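The values are calculated or read from the model by the stated rules, or taken from the named source; none is laboratory data. Predicted, not measured: the structure shown is a model, and the values here were computed from it. Don't worry about glycine lacking a Cβ; one is built from the backbone with ideal geometry, like all the others, and counts go over all protein chains shown. Side chains included, ligands, DNA and RNA excluded: accessible areas come from the protein's heavy atoms. Shrake-Rupley method; radii C 1.70, N 1.55, O 1.52, S 1.80 Å.
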Amino acid sequence: MITTYNKPALGDTLIVVLAQDTAEETTKQANGITGIYDAQGEAIGFNFFDVARFTPVEGQGQVHLTVDQIKELNQAIVAAGLTGALPLAETPKFVIGKIIDFQPHPKSDHLHVTQVDFGTHQEQIVCGAPNAALGQTVVAALPGAMMPDGKIIWPGELLGVPSFGMLCAARELAIPGAPAARGILIMPDDLAAGSEFDFKQAEAVVAAS
């Protein structure tokens with residue numbers, strides 16, 4: 001779930017993204033809430049207008065709601081007669097991974113197809129970083145992650161090969177002092193696969209490199 005708030009640009013409106021946009025979508029509006037639904041009727045997003053009526057929101061850009069705030073918004077959805085709900089808990093979207101397989105892309109001379117271990121599961125991620133290699137400990141933005149520049153990561157394909165996330169550079173993560181040269185951020189090997197990425201720890205890694 002991605003929640004964004006930009007009062008100077010959009011007024012007191014909270015935008016919630018639950019899933020990737022689809023080719024066929026419908027919207028339903030009631031009591032200042034717009035629900036966005038896919039072809040199967042599953043909620044993929046909500047816009048809460050005058051959100052302070054339901055719960056106060058502060059900040060700008062991507063914001064993180066408390067469990068109590070989410071419960072209040074879910075109560076507002078029910079009261080409006082709309083279907084769907086915001087999840088009360090989510091797994092981290094920026095995660096430490098271990099590259100356990102590294103193969104050349106069949107249609108590219110610079111891309112590679114990696115298999116990345118996240119502890120409880122593995123994902124295939126296509127990567128074009130020149131410093132990527134087998135065995136590295138890396139930072140992955142998993143589907144549903146919002147990058148500091150506002151880009152949202154979703155499953156996709158690169159030259160016909162499925163990719164479920166992105167291996168991140170320090171610059172893409174907006175780490176202070178990040179090098180301008182292309183290349184993913186390599187983290188210490190003692191970090192456990194599947195652990196949540198620590199931005200502060202990454203600052204120390206970049207500063208020491």
Just the accessible area per residue of region 1-118, please: how many Å² with a 1.4 Å probe? 54 Å²
Cross-link table Lys98/Lys200; Lys28/Lys93; Lys93/Lys200, entries beyond 24 Å C-alpha to C-alpha: Lys28/Lys93
So, counting K/R as plus one and D/E as minus one, what does the shell of residues with Cβ under 14 Å around Gly183 add up to? +1
Given the options Ala133, Ile175, Leu191, identify the residue whose Cα lies farthest towards the positive end of the charge dipole of the chain (+1 on Cβ of Lys, Arg; -1 on Cβ of Asp, Glu). Ile175
Assign unit charges at the C-beta atoms only (+1 for Lys and Arg, -1 for Asp and Glu), then state the dipole size of region 102-209 relative to its Cα centre in Debye, rounded to the nearest 20. 300 debye
Counting Lys and Arg as +1 and Asp and Glu as -1, each charge on the Cβ, what is the dipole of the chain about the Cα centre in debye, to the nearest 20? 280 debye
Result for region 119-181: accessible area per residue, probe 1.4 angstrom, in square angstrom, of 45 Å²
Per-residue ³J(HN,Hα) for region 24-33, Karplus 6.51 cos²θ - 1.76 cosθ + 1.60, θ = phi - 60°, Hz, x for Gly and Pro: 10, 9, 10, 10, 10, 10, 6, 6, x, 10
Percent accessible area from carbon and sulfur atoms, the chain, protein chains only, probe 1.4 Å: 53 percent
Which loop trypsin sites (Lys or Arg not before Pro) in region 105-209, with loop taken from DSSP, have no more than 13 other Cβ atoms within 10 angstrom of their Cβ? Lys107, Lys151, Arg182
Counting only DSSP loop positions in region 7-81, the trypsin sites (Lys or Arg not before Pro) whose Cβ has at most 15 other Cβ atoms within 10 Å are none
Going by alpha carbons, how many degrees (0 to 90, nearest 10) lie between the helix axis of 199-208 and the longest principal axis of the chain? 30 degrees
Please report the spacing between the Cα centers of region 1-58 and region 174-209 in Å, no decimals. 33 Å
For the chain, take the longest principal axis of its alpha carbons; what is the angle in degrees between that and the long axis of helix 67-79, to the nearest 10 within 0 to 90? 50 degrees
Longest segment of the chain lacking GluC sites (Glu not before Pro) that sit in a DSSP loop with at most 16 other Cβ atoms within 10 Å: 91-209
Considering the Cα positions of region 51-136, please state its Rg to one decimal place and its Dmax as a whole number of Å. 20.2, 55
Dipole magnitude of region 36-115, debye to nearest 20 (Cβ charges: Lys/Arg +1, Asp/Glu -1, about Cα centre): 120 debye
